[in-house]
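Right, one structure below, let's go through it.
The values are calculated or read from the model by the stated rules, or taken from the named source; none is laboratory data. Predicted model, so just to flag it, every value in this text is computed and none were measured. Heads up, the Cβs are rebuilt from the backbone with ideal geometry, glycines too, and the neighbour counts pull from every protein chain shown.
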Ligand SMILES: [Zn+2]
């Protein structure tokens, strides 16, 4: 299953996407078959660096998340990847900041994955 593969790679500190060799569409998280042309896709490993495209502070959250965290959309190789920015307050972040992808134990919903990816600001 592609979901298990994706989570297994996260555990191995790798982020995966898929690219359709026929129509060149790219998918994150990866899919097994291209939803546009139904071709089998190729798995690609993403670089573990990107740039913040946009971000926001979450001040209201369900009981599983502690409010006051920052979420961002990060551009990695043209893919827009959503995630939580660790160890950075909202007002410490700027659009265009470089982040690296880090992998840590998942904190959130009780039946969530064991590990998950997060973003960390690279030093300016
Ligand atoms: Zn396709």
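Some observations on this one:
- Residue satisfying all of: in segment 9-56; assigned to a helix (DSSP H, G or I) and surrounded by 14 or more Cβ atoms within 10 Å (Cβ to Cβ); farthest from the ligand (Cβ to nearest atom) among these: 10
- Lone qualifier among 42, 75 - being closer than 21 Å to residue 14 by Cβ and in the same structural domain as residue 7 (by TED's automatic domain parsing): 42
- Members of segment 96-121 that are part of a loop (DSSP other than H, G, I, E, B) and either outside the structural domain of residue 71 (by TED's automatic domain parsing) or within 15 Å of residue 9 (Cβ to Cβ) (or both): 106, 113, 114
- Per-region count, segment 81-103, residues loosely packed, with under 13 Cβ neighbours inside 10 Å and in contact (Cβ under 8 Å) with a residue 12 or more places away in the chain: 6
- Matching residues, segment 57-89, being closer than 16 Å to residue 106 by Cβ and in a strand (DSSP E or B): 69, 71, 82, 83, 84, 85, 86
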